[in-house]
Ligand SMILES: Nc1ncnc2c1ncn2[C@@H]1O[C@H](COP(=O)(O)OP(=O)(O)O)[C@@H](O)[C@H]1O
Ligand SMILES: [Mg+2]
């Protein structure tokens, strides 16, 4: 087999566009997923059983079915509900819902990791429920779940390649397009694989840099 | 009128009746020390006083406020009633300064910044830890953490302070520094209700000793009398077991 990467150079702009879209998808899914996760985790401590059951159902449905099928369902089913999204946005919605379910579980374990005595100490100082949540529970909970949360974001970045299946224009979609033009399958996928690798690696560096800035207080152990 | 009036308070956890009609009065400036065996309901009583626990019947009044009345704003009440726990319960992710100033800032008592820092310095000086203002709890010894916890209460200028076995989790050599801070507070006229196993401290500092047994106030009185002439065999036993 003779390798030939030269032809791929012509598609620089397409690759750049794909990278940009993949990162945008990941960013959207992360932002909305974290919002869903935080809200869902807080609500899952609700006194009202129907609320808790609704959240548990959502989490279990998403976590126990393939992401690809979720994307298909959202892309093909939503139009019947009068919601017609272009593929990219349908994929963004699907990935947000996907990320959200995992984030609920992660946030839940984070909130549960804060001892009751800490919450009581906050109450005893005359803090409101929200103030206790914001100042006493959230920062150490975030620190505890930071590793699993960031791993999950990386899984979403890798999983965003599934969006190509509903023709959302992201990196993997670009790869398929370039392959169909050049017929250099191995070269195209090798390059795309390397790009994913570099993106994930950079993201991990970014995350660990942020961790060092955000969570500076010393801990036992 | 007494500052604190605990009147015939009953409290159950499921089947277990922990407080079986407790009545105690605390005058302003008094140091009331609660002693008694483990499980006799001392912590539960303190937690009822600042509304952390509901009560089944009876009444607890602090100043003008009836703690468990529907109309009582517990947040407001707690801004005047400090509590210090056995396990310190400092916030590990906040510096000493932030631990101390969080509540006063959120309550609008002091401005963030220089004024808040000054307040932190003032109360830290009271507990002899001004130089630790920028430390984090994990960097302090148990005794130092407990003194910061006391300073954190003081920053709200409470009318009443509750102490629940605050030296029990400390290594023996660190107990003294915490007791000294509490003695200083007593001398300055702070009203305190404290649960302790430090009988020497109770004897020297308390204005009144309350001996709890089986969910009730079994005996109470000034320390000199109570320790010299315990009226009941339960208290006699308890005193001899702590020697
Ligand atoms: N939240 C709770 N739920 C059930 N039982 C409790 C609870 N808190 C305390 N108790 C029980 O109430 C009794 C009194 O406890 P406590 O007030 O902590 O005693 P003390 O502080 O005098 O050692 C104990 O038997 C304890 O097991
Ligand atoms: Mg106790």
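Every number in this text was worked out from the coordinates using simple rules, so none of it is lab data. This is a predicted model, so every value here is computed, not measured. Note that we place each Cβ from the backbone using ideal geometry, even for glycine, and neighbour counts take in every protein chain shown.
Values for this structure:
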| read-out | value |
| --- | --- |
| Scattering profile of the stretch A:34-109 at q = 0.15, 0.18, 0.25 Å⁻¹ [log10 I(q)/I(0), Debye over alpha-carbon scatterers] | -0.54, -0.73, -1.07 |
| Virtual spin-label span in nm between residue B:232 and residue A:210, 7 Å along Cα→Cβ | 6.0 nm |
| Euclidean distance between Cα centres, the stretch B:12-70 to the stretch A:162-196, Å | 70 Å |
| Helical contribution to [θ] at 222 nm, DSSP H n ≥ 4, -39,500 (n - 2.57), averaged over chain B, rounded to 500 | -10500 deg cm²/dmol |
| D_trans [Stokes-Einstein, Kirkwood Rh over alpha-carbon pairs] for the stretch B:1-89, 10 °C, 1.306 mPa s, µm² s⁻¹ | 116 µm²/s |
| Inter-part distance where the stretch B:111-190 and the stretch A:1-66 are each reduced to a Cα centre, Å | 47 Å |
| Directionally averaged shadow of the protein assembly as shown, computed from the convex hull of its alpha-carbon atoms, nm² | 30.2 nm² |
| Per-pair calculated FRET efficiency, R0 = 56 Å: residue A:202 and residue B:15 via Cβ, rounded to 0.05 | 0.40 |
| Simple spin-label estimate for residue B:38 and residue B:8 in nanometres, 7 Å along Cα-Cβ | 3.4 nm |
| For the stretch B:38-107, alpha-carbon Rg and Dmax in angstrom | 14.2, 41 |
| Cα-based convex hull volume of chain A per residue, rounded to whole Å³ | 164 Å³ |
| Compactness of the stretch B:85-157 as Cα Rg over 2.2 N^0.38 Å, two decimals | 0.97 |
| Cα-based helix-to-principal-axis angle, B:172-187 vs chain B, degrees rounded to 10 | 90 degrees |
| Rg ratio (alpha-carbon, reference 2.2 N^0.38 Å) - chain B | 1.01 |
